[in-house]
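These notes are about the structure you will find just below.
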Amino acid sequence: MSRIAVVPGSFDPVTLGHLDVIGRAAGIFDELHVVVVHNPAKTALLPIAQRVDLIRDSIAEAKIEGEIVVTSWSMGLLVDYCTDVGASVLVKGIRSQVDVAYETPMAIVNRNLAGVETVFLLPNPANAHVSSSLVRQVASLGGDVAPYVPRAVADYLQHAD
Ligand code: COD
């Protein structure tokens, strides 16, 4: 039986931290779905379709191999997407105690709702401080985001209005 996992996130934009988690998850599971989910708690910078395109470009640029689907989901519960595609696992990155506190109740509810387990991956220490909000802030103030994001994202942000 093939193991299908979902890596969800806002990915606004995708960072080197996200890409590290995606690459390692692709090495663990037979099929990976990277899913851009609208997070109503956050004010978005990039349109969802653009985030999907940048994730695809970044995965190609990093030469991450495997069965990887990149898509978006806005139809309700994330576990419904998991059920639709036959995924039994969600993969999340844990950078700090703040992430643990945020992710723990969601992991328990997702298991209760649909039997979907959550696997937590620890970050590469080199990227542990990187977040999309940090990238958005640096970009908005005219700073160099190249150390934190894939080249496709740096290029996009440099040429965005
Ligand atoms: N290193 C490692 N991991 C990282 C890094 C980094 N530098 N940066 C981010 N991550 C991880 C995050 O911890 C997270 O696991 C993932 O990457 C995505 O991060 P973001 O910031 O792009 O996305 P979030 O946190 O805004 O996304 C939250 C979701 C939309 C995925 C979340 O809210 C969710 O699962 N929603 C489900 C909605 C639902 O069905 N709710 C009902 C049941 S709980």
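Numbers below:
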| item | result |
| --- | --- |
| Every residue from the range 96-128 that is more than 7 Å from the ligand (Cβ to nearest atom), farther than 21 Å from Ala26 by Cα and of a type in the set (Val, Ile, Thr) | Val98, Val100, Thr104, Ile108 |
| Filtered residues of the range 57-77 (kept if in contact with a Lys or Arg (Cβ under 8 Å, 6 or more places away or on another chain) and more than 24 Å from His38 (Cβ to Cβ)) | Glu61 |
| Residues of the range 28-39 satisfying the condition of being of a type outside the set (Asp, Glu), more than 9 Å from the ligand (Cβ to nearest atom) and over 8 Å from the mean Cα position of the chain (by Cα) | Ile28, Phe29, Leu32, His33 |
| Counted residues, the range 129-161 - those being loosely packed, with under 15 Cβ neighbours inside 10 Å, within 13 Å of the ligand (Cβ to nearest atom) and among the polar types (S, T, N, Q) | 1 |
| Any chance Ile55 is farther than 16 Å from Ile22 by Cβ, more than 8 Å from the ligand (Cβ to nearest atom), buried (at least 16 other Cβ atoms within 10 Å of the Cβ) and not hydroxyl-bearing (Ser, Thr, Tyr) | no |
| Sole residue being in contact (Cβ under 8 Å) with a residue 60 or more places away in the chain and either more than 9 Å from the ligand (Cβ to nearest atom) or buried (at least 16 other Cβ atoms within 10 Å of the Cβ) (or both), chosen from Ala49, Ala25 | Ala25 |
| Qualifying residue in the range 41-64 (condition: modelled with pLDDT of 95 or more and farther than 22 Å from Leu157 by Cα) | yes |
| All positions within the range 80-95 that are under 28 Å from Asp57 (Cβ atoms) and either surrounded by fewer than 18 Cβ atoms within 10 Å (Cβ to Cβ) or near the ligand (Cβ under 9 Å from one of its atoms) (or both) | Asp80, Tyr81, Asp84, Val85, Gly86, Leu90, Val91, Lys92, Gly93, Ile94, Arg95 |
| Val109 closer than 30 Å to Gln158 by Cα, free of Cβ contacts under 8 Å to residues at least 12 places away in the same chain and outside any loop (DSSP other than H, G, I, E, B) | no |
| Residue match in the range 61-70 (condition: free of Cβ contacts under 8 Å to residues at least 24 places away in the same chain, within 23 Å of Arg24 (Cα to Cα) and in a loop (DSSP other than H, G, I, E, B)) | yes |
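The values are calculated or read from the model by the stated rules, or taken from the named source; none is laboratory data. What you see is a predicted model, and the numbers here were worked out from it, not measured in a lab. Counting neighbours? That spans all protein chains shown, and the Cβs are built from the backbone with ideal geometry, glycine included.
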